[in-house]
Amino acid sequence: MAELTYRDAVARGIAQEMARDPDVVFLGEDVAKAGGVFKATVGLYEQFGPLRVRDTPISEQAILGAAMGAAMTGLKPIAEIMFSDFFAVCFDYIANEVPKSRYMTNGQTKCPLVVRTGNGAGSRFGAQHSQSVENWCMMIPGLKVVAPSSPVDVIGLLAAAVRDPDPVIFLEHKSLYGTKGEVPDGEILDKLGTAKILRPGKDATIIALALMVPRALQAAERLAIEHGIDCEVIDVRSLIPLDTQTILGSVAKTHHCFSVEENPRLCGWGAEIMSIIADEAFYDLDGPLVRITTPHIPLPAADILEDAILPTVDRIVDRVRRTLKA
Amino acid sequence: MSKKPTSAAALNDDIGEETRLELYRSQVNIREAEQRAFDLFLQNLVKGTSHLSLGQEAVAAGFAVAMKKGDLSFCTYRGHAHTLARGVPVEKVLGELMQRDNGLMRGKGGSMHLTSEEHGVMGSYAIIGAHLPIACGAAWRAQYKGHSDVTTCFFGDGTTNIGAFHEALNFAAVWKLPVIFVCENNLYMEYTPISEVTAVEHPAADRASAYGLERIVIDGNDADVVYRTAMKAYEKARAGGGPSLIECMTYRHSGHSRADPAKYRPEGELERWKERDPIKIYRERLKQFGIGDDAVAKIDADIKRIVDEATEACKASPNPPMDILTTDVYADGGWAWRN
């Protein structure tokens, strides 16, 4: 057992898989010699050499296209798109090519690849380097979408993503890179499509993803201490496949559900989950389904503005308290 | 009177009778199948869209005959020709165009996405430029694993003005990948002359120097020229010499898609190009090399029969069954995204 940062967990997860399988290769901008702009891939180039860990030009279409072609023909590529906002310049691969080839070819084409990317706000980078794009990915049939919130989950879910036969979008949160957590020694392998109950509770369910998970946990502690409200906090972790059973099971117990979403409000991931709850667990509910999200505006750069726009611990506490005390 | 060809050798034939007949057969096969696709469209039996390669057969035939087993092809939505040229049965192609259960993908892909991995046809891509980077990835795998196969990526002149073309060319050149980029310059990007929207005369070849590649423009209606150029490029790629970019000058006899009557052509242009019809050229060529009319007639009759039989099989084939609607979204064979 050792304490590891989320950042170092990325490199450890990739290294674990590259050491295990010689068909795993890794490409992206500044990922090899420089160790990544977020320093999340330091040491891989030295450990696995220039044939397996490759710097690319600033060509996001070439990166994802090459990853796809390699995956189709037998490799297991991990491709990095530096900022998730850049998905917009290679979206053809994310929306049209990678996810649909298997279906269109009646199962002939295989596409076992992982696209890693730095997602989310908190770095004061402004509207084109801070977005949470999990909802862009969740809406596409054929993809799997994962967003870990802790170092141990980074390793385990990354390993599961690499070994998965389907294309997986792996969203790392930029504001979590510096956070630390306990990580066991040895191989770590988790399972896609599994949510985790991080804090059991009986009064309300809070579902959260990535950076919103630690905020939801802090809010739950305050709600318990300050207001006597006992919240169950679920880290959704995997948007596709989606572990609806864990969520529905929790709502059946607590009768209330709140989502904490960093993505802008319209068509955020929580809306889909809430609609499932409304369809399938309506009679379990004792109150409205409440989504706590970033509003539907572009992200500002200034720290004071950016901090004001994302869901905060205060906002979560306030919304849960007001809803339950109403 | 007709002296049998010891003359082929005498004429310094580097290609040889067997390969020539293969080149001819492949072109006629494409011509007949494409013509049949057009006829079936007129009978409302080809659904959706379709993009024919009538007039462009020599490019597909020349490259495919030069390929080795295991080499990979990436095509565009105008990909029937390249799919047929790799040996995919006509019935499978027409069946997909007719969206029947006997189609290559049982109707799940349609005419723009013909794929037969067992024949090395790694897909037909309907988003302009998308497959150039994908072809790079296939070539990267060969390089990484030490495989000897070469990847060929076919595209039209219109593709040369989209970003993915330039990203892929640079990427392939920097990584020295065993990939051949083949531009079929048929003079029109969909409905607009390519010359009206491109800064250089040769939309592919004149960009080659930007990626440190040789400028290659060839007569794409002469299957011999295509075949020789392809052989040279494959040899270079297999020897580790990196990518090639080859611009083949050709012309499509039909419109861009089935919706296009091609009224934008200047008068006489189509007729002039029909004088240079690749199949006409090749029949002359066979004659020139002393290959008898009998062999040609036999191929023509063979192909006609195959296309007729394929057409009947497709007409008799049922529509795809409903139970394939949700298969193969994910690798487990299904479409489940939640528990």
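The values are calculated or read from the model by the stated rules, or taken from the named source; none is laboratory data. This one's a predicted model, so the numbers in the text were calculated from it and none came from an experiment. Using ideal geometry, Cβ is built from the backbone for each residue, glycine included, and neighbour counts are taken over all protein chains shown.
Assorted remarks:
Residue-by-condition table, conditions (1) over 20 Å from the mean Cα position of the chain (by Cα); (2) without any contact (Cβ under 8 Å) to a residue 60 or more places away in the chain; (3) assigned to a loop (DSSP other than H, G, I, E, B):
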site: A:ARG222; (1), (2), (3): yes, no, no
site: A:THR246; (1), (2), (3): no, yes, no
site: A:ASP279; (1), (2), (3): yes, yes, no
site: A:PRO288; (1), (2), (3): yes, yes, yes
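- Boolean, A:ALA66 is crowded, with 24+ Cβ neighbours inside 10 Å and either in contact (Cβ under 8 Å) with a residue 24 or more places away in the chain or in the same structural domain as A:ILE169 (by TED's automatic domain parsing) (or both): yes
- Residue match in the range A:182-191 (condition: of a type in the set (D, E, K, R), buried (at least 19 other Cβ atoms within 10 Å of the Cβ) and within 14 Å of another protein chain (Cβ to nearest Cβ)): no
- Count - residues of the range A:230-273 that are closer than 12 Å to A:MET138 by Cα, aliphatic (A, V, I, L, M) and at the interface with chain B (Cβ under 10 Å from one of its Cβ atoms): 4
- Within the range A:59-84, the residues that satisfy the criterion of being among the hydrophobic types (A, V, I, L, M, F, W, C) and over 10 Å from B:PHE171 (Cα atoms) are A:LEU64, A:ALA67, A:MET68, A:ALA70, A:ALA71, A:MET72, A:LEU75, A:ILE78, A:ALA79, A:ILE81, A:MET82, A:PHE83.
- Candidates in the range B:99-115 are the residues that are more than 7 Å from every other protein chain (Cβ to nearest Cβ) and crowded, with 24+ Cβ neighbours inside 10 Å; of these, the one that is nearest to the chain's Cα centre (by Cα) is B:LEU114.
- Segments classed as helices (runs of 4 or more DSSP H), wholly inside the range A:1-110, with at least 1 members that are at pLDDT 95 or above and more than 12 Å from chain B (Cβ to nearest Cβ): A:6-20, A:44-48
- Within the range A:118-151, restricting attention to residues that are of a type in the set (A, V, I, L, M, F, W, C) and touching a Pro at 6+ places or on another chain (Cβ under 7 Å), the residue that is farthest from the other protein chains (Cβ to nearest Cβ) is A:ALA127.
- So B:GLY129, is it under 30 Å from B:GLU309 (Cα atoms), within 11 Å of chain A (Cβ to nearest Cβ) and part of a loop (DSSP other than H, G, I, E, B): no
- When residues in the range B:153-174 are screened for being more than 9 Å from chain A (Cβ to nearest Cβ) and either closer than 16 Å to A:ALA79 by Cβ or buried (at least 21 other Cβ atoms within 10 Å of the Cβ) (or both), 10 of them pass.
- Residue list for the range B:315-334, restricted to those being on the phi > 0 side of the Ramachandran plot and in contact with a Phe, Trp or Tyr (Cβ under 6 Å, 6 or more places away or on another chain): B:ASP328
- Residue match in the range B:269-291 (condition: farther than 21 Å from B:ASP13 by Cα, in contact with an Asp or Glu (Cβ under 7 Å, 6 or more places away or on another chain) and touching a residue at least 12 places away in the same chain (Cβ under 8 Å)): no
- Test: residue in the range A:314-321 that is closer than 18 Å to A:ILE234 by Cα and either in the same structural domain as A:GLN128 (by TED's automatic domain parsing) or among the polar types (S, T, N, Q) (or both): no
- Within the range B:131-152, restricting attention to residues that are surrounded by 24 or more Cβ atoms within 10 Å (Cβ to Cβ) and over 18 Å from A:PRO57 (Cβ atoms), the residue that is nearest to the chain's Cα centre (by Cα) is B:THR152.
- Check on A:ALA204, farther than 30 Å from B:ASP328 by Cβ and of a type in the set (A, V, I, L, M, F, W, C): yes
- When B:GLU118 is tested against (1) part of a helix (DSSP H, G or I); (2) crowded, with 21+ Cβ neighbours inside 10 Å; (3) not hydroxyl-bearing (Ser, Thr, Tyr), only condition (2) is not met.
- Taking the range B:160-262 and the strands (runs of 3 or more DSSP E) fully enclosed by it, the elements with 1 or more residues that are within 29 Å of A:TYR93 (Cα to Cα) and among the small types (Gly, Ala, Ser) are at B:244-249.
- Verdict on A:TYR93 being within 23 Å of B:ALA139 (Cβ to Cβ), assigned by TED's automatic domain parsing to the domain that holds A:LYS174, more than 23 Å from the chain's Cα centre (by Cα) and free of Cβ contacts under 8 Å to residues at least 40 places away in the same chain: no
- Only one of the listed residues (A:ASP8, A:ASP30) is over 22 Å from A:ARG163 (Cβ atoms), assigned by TED's automatic domain parsing to the domain that holds A:GLN128, of a type in the set (D, E, K, R) and in contact (Cβ under 8 Å) with a residue 12 or more places away in the chain. That residue is A:ASP30.
- In the range A:194-212, the residues that are under 20 Å from the mean Cα position of the chain (by Cα) and in a strand (DSSP E or B): A:LYS196, A:ILE197, A:LEU198, A:ARG199, A:THR205, A:ILE206, A:ILE207, A:ALA208
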